[in-house]
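The values are calculated or read from the model by the stated rules, or taken from the named source; none is laboratory data. This one's a predicted model, so the numbers in the text were calculated from it and none came from an experiment. Please note: Cβ atoms are built from the backbone with ideal geometry, for glycine as well, and neighbour counts cover all protein chains shown.
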Amino acid sequence: MKERRTRAAIFTVMIITALTLFGVGLYKAWTHFIEFDETTLQEKDTQFYSLLMSDDVNIYNSIMGFSREAESSLNRSTIKTGQQIWEDTEDFTDLEESLSNSSVRYNPLYSDLLIFDNNKIVFAIEGSKKYTFLTAANDNNFRICRSPKGKICMVYEVKGDNAITYGVVMDLELLYLNATGSTDIEKLIMLDNTGSIMIYKINKEVKVVTTGTKIDQNSIKRMQFIAECQQLQVNDGKSLQIDRKDGGSYTERMVVVSSNNTINGEFAIGITANYDNAVRPSKKAATGMLIYGGMAVIGAAILVLLIILMKKVDSDNAIELENLRKRNESMKELNRQMQEMSHHQRLEIIGTMTASIAHDFNNLLTPIMGYSMMTMEMLPPDATELQDNLMEVYNASVKAKSMITRLSDLTKKRNKEAYVQIDPDELIRSSLQVTLPAKPKGVEVKCRFNCATREIMGDYTQLSQLIMNIILNAYDAMEEEGGTLLVSSNVSEENVEMTFRDNGPGMNAETLTKIFDPFFTTKKSGKGTGLGLAIVSQIVSTHGGNIYADSALGKGTEFKVTFPVIPN
C-alpha cells in the first residue's frame, strides 16, 4: 500500500513536470516564432530601403540631368538674342529656330518645350498649347500638368528675360523606367510631393494617374499608405491584404520613404512584394512546435533545430544583403561611367564635326588669305585705309585657320611609335624659354627641379604644347595684378609629377569643374577659344598620365600633371 502511494506520488510529480515543460515549451516556441517573424520583416524592410535608396539615386540623377540640361540649353546667347528680336519686332523665326536646335530636346526624358508670357503659354515647340496645370511651381521650379494628349507630365521652368519663362516638359513614364531599369525584382510606386499624382506599374504597363482617377482597390490601398507616410513625413513599412483575380488574397509588404527623406526631393517612393512566402515557413514550424512540443526532449530538439535554421536564414540574408550591396555599388559605378561616356560622346561629336569641315574650311581660308595679300600688293602706296582693311581680313583668316588647327589637334589620334625618351626638367626649361616673351612684367617665375636623370616616354612637341598652355594661362591670370608662378618637378618610383602654381585671382568651384570642357573659357571675347585646357587634357590622356586642378577665389590656381616614369 505504501509502495503504491509512493508510485502515485512520483507519477503525479512526473505529470506536473511534463505539463510544466509542455506549457513552457509551447510558450517559448510561440514567442520565439513571433520574434522570428518580426526579425524577418525588419531584415526584408532593410533590404527594401536599400533598393529604394538606389532607385532614389536614379530618379535624382535623371531629374538633375534634365534640369541642368534645360538651364544650360535655354540660357545660351542665341536663345536670348532670338527672344529679344521677338520682343522688339514680334518676329518669332530666330527664337523658334534656336529652340528647335536646343540640346535639351535630345534628353531621353524630353516631351515638349513651352514659352510662357506672363504665365500664359504663347508657344509649344511640338505644336499644341492646350496644357492643363494641376499644381503650382514648387521651390525646385517643377509643376505637374496634363498634356494635350492627356498624359500627366512634369514641367521644369527656366526664367528668361523680362516676363518670359521657358517650360521644359518631362515624360514621367520615361522617368519611372529610368529609375527601375529593366528589373522586375520589386514594384516601385512614386507619389509627387504635393500628393497630386501617382506613378506605378501594373501588368507591365506604367501608369501615371491623378489622385482623383478611378483605380483598382489594391492600388488604392498602396496609394493610401504612401500618402499617409508622405503626410506625416516619415519612412515606414506595412503589411497589406491584396486581393487576387481568382477571389483569393495574399499578404503584401510595402516600404515607403517620404519625399522629404529622399535626395530627389520631388517624389515619395515605395516598394511592394509578396510576403506570404517569407512568413509561411515560420508559421508552419510554429504549428509543429505546438503539436509535438509536449515533451522537454522534443522541445529541446526542436529548439536546437530552430537555432540551426535561424543561422541558415541569417547566412542567406547576409548573402542577399551582400548581393544588394554589390548591386548598389554597380549602379553607382554605372552612373559614373554614364557621365564619363557623355563627356566622351561630346568629344566624339566635335571630332566628327572637325574631320568633316576642317579640310573645306582650310580650302576657303587659303584663297581669302592669298587674294588679300595679292590685293594689298596691287594697291598704290597712298591707299593706306584699304591696306588696313585688307590686313584685318588677312589677320582674321590667320586666326580662323589657327583655331581649326587647334580643334583638329584636340581630336587627332596620336601615334605612340613617335614617342621618345624625354628629360622632364629639360622639357619644362625649354617650354619656359619659349613662353618668356609672353610673360607680363609684373610676373616672377620660380623653378624647383628634382627629377635628376629620370625620364618619361612621349611626343616632345605635344608635351611642350601641354606645358606652354598651362604656363600661358597662368600669365594671363596674373597679367593685371602681377604675381608669382612656381614651377616644380618631383619623381617617385612610378610617376613624374609636374606642378604649376600661381597666386592669381583663382576660380570658383563651378568654373573649376568646366575648365577642361572644349570651348569653355573665362577670358574676354576674342582672347581665347576655350580649347587650350581641352587639348592639355587630351594630351595627358593619350600619354597615360593624369592631371589635377585645384583653385579658390583669391588664392590662385594649381595644376599637377603626372606621367609614368621609365623604370631604371
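Whether any residue in the range 228-245 is at pLDDT below 85 and more than 29 Å from THR132 (Cβ to Cβ) is what I want to check. Among the residues of the range 228-245, at least one is at pLDDT below 85 and more than 29 Å from THR132 (Cβ to Cβ), which makes the answer yes.
Filtering the range 131-145 to residues that are outside any loop (DSSP other than H, G, I, E, B) and in contact (Cβ under 8 Å) with a residue 24 or more places away in the chain leaves PHE142, ILE144, CYS145.
Looking only at residues that are in a loop (DSSP other than H, G, I, E, B), modelled with pLDDT under 80 and under 24 Å from the mean Cα position of the chain (by Cα) in the range 180-214, which one is farthest from GLU228 (Cα to Cα)? Among residues in the range 180-214 that are in a loop (DSSP other than H, G, I, E, B), modelled with pLDDT under 80 and under 24 Å from the mean Cα position of the chain (by Cα), the one farthest from GLU228 (Cα to Cα) is SER182. All conditions but one from (1) in contact with a Phe, Trp or Tyr (Cβ under 7 Å, 6 or more places away or on another chain); (2) not polar (S, T, N, Q); (3) not in a helix (DSSP H, G or I) apply to VAL104; the one that does not is (3). Here GLN42 clears all of (1) in contact with a strand residue (DSSP E or B) (Cβ under 9 Å, 6 or more places away or on another chain); (2) of a type outside the set (D, E, K, R); (3) in contact (Cβ under 8 Å) with a residue 12 or more places away in the chain except the condition numbered (3).
This table checks each residue for (1) surrounded by 13 or more Cβ atoms within 10 Å (Cβ to Cβ); (2) assigned by TED's automatic domain parsing to the domain that holds ASP192; (3) modelled with pLDDT of 65 or more.
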site	(1), (2), (3)
GLU252	yes, yes, yes
ILE271	yes, yes, yes
TYR275	yes, yes, yes
MET289	yes, yes, no
ALA300	yes, no, yes
VAL304	no, no, yes
ILE308	no, no, yes
VAL313	yes, no, no
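Among the residues of the range 203-229, which ones are of a type in the set (Asp, Glu) and more than 16 Å from LYS245 (Cα to Cα)? Selection gives GLU205, GLU228.
The set of residues from the range 63-85 being under 23 Å from THR511 (Cβ atoms) and out of contact with any strand residue (DSSP E or B) (no Cβ under 7 Å at 6 or more places or on another chain) comprises MET64, GLY65, ARG68, GLU69, SER72, SER73, ASN75, ARG76, SER77, THR78, ILE79, LYS80. Here LYS401 does not qualify as modelled with pLDDT under 80, in a loop (DSSP other than H, G, I, E, B) and over 30 Å from SER488 (Cβ atoms).
Taken together, LYS245, LYS221, LYS238 contain a single residue that is of a type in the set (D, E, K, R), part of a helix (DSSP H, G or I), farther than 26 Å from CYS145 by Cβ and without any contact (Cβ under 8 Å) to a residue 60 or more places away in the chain, which is LYS221. With the condition kept exactly as written, say whether any residue in the range 66-78 is assigned by TED's automatic domain parsing to the domain that holds GLU157, of a type outside the set (Ser, Thr, Tyr) and more than 22 Å from LEU175 (Cβ to Cβ). Within the range 66-78, one or more residues are assigned by TED's automatic domain parsing to the domain that holds GLU157, of a type outside the set (Ser, Thr, Tyr) and more than 22 Å from LEU175 (Cβ to Cβ). Among the residues making up the range 10-24, a single one is at pLDDT 70 or above and among the small types (Gly, Ala, Ser): GLY23.
Pairing each residue of the range 443-462 that is surrounded by 14 or more Cβ atoms within 10 Å (Cβ to Cβ) with any residue that is assigned to a loop (DSSP other than H, G, I, E, B) and among the charged types (D, E, K, R), provided the two are 6+ apart or on different chains, yields C-beta distances under 6 Å for GLU455/ASP423. A search for C-beta distances below 6 Å between a residue of the range 375-392 that is surrounded by 10 or more Cβ atoms within 10 Å (Cβ to Cβ) and outside any helix (DSSP H, G or I) and any residue that is modelled with pLDDT of 80 or more and not β-branched (Val, Ile, Thr), counting only pairs 6+ apart in sequence or on different chains, returns LEU379/LEU386. Return yes or no: is ASP502 at pLDDT 90 or above and surrounded by 21 or more Cβ atoms within 10 Å (Cβ to Cβ)? The answer is yes for ASP502. Inspection of the range 127-142 finds a residue satisfying the criterion of being over 24 Å from ILE59 (Cβ atoms) and basic (Lys, Arg). Of all residues in the range 65-104, those satisfying the criterion of being closer than 18 Å to ASN162 by Cβ, touching a Ser or Thr at 6+ places or on another chain (Cβ under 6 Å) and among the polar types (S, T, N, Q) are THR78, SER98. Annotation: ARG325 fulfils all but one of (1) over 30 Å from ASN61 (Cα atoms); (2) at pLDDT 70 or above; (3) of a type outside the set (A, V, I, L, M, F, W, C); the unmet one is (1).
The residues on offer are LYS201, LYS214, and the sole one that is among the charged types (D, E, K, R), in the same structural domain as ASP243 (by TED's automatic domain parsing) and surrounded by 15 or more Cβ atoms within 10 Å (Cβ to Cβ) is LYS201. Among the residues of the range 516-539, is there at least one that is under 19 Å from THR562 (Cβ atoms), in the same structural domain as ILE422 (by TED's automatic domain parsing), modelled with pLDDT under 90 and touching a Gly at 6+ places or on another chain (Cβ under 9 Å)? For the range 516-539, residues under 19 Å from THR562 (Cβ atoms), in the same structural domain as ILE422 (by TED's automatic domain parsing), modelled with pLDDT under 90 and touching a Gly at 6+ places or on another chain (Cβ under 9 Å): present. Here the range 474-510 is the region considered, the condition is being among the small types (Gly, Ala, Ser) and either in contact with a Cys (Cβ under 6 Å, 6 or more places away or on another chain) or outside any loop (DSSP other than H, G, I, E, B) (or both), and the residue that is nearest to LEU553 (Cα to Cα) is ALA509.
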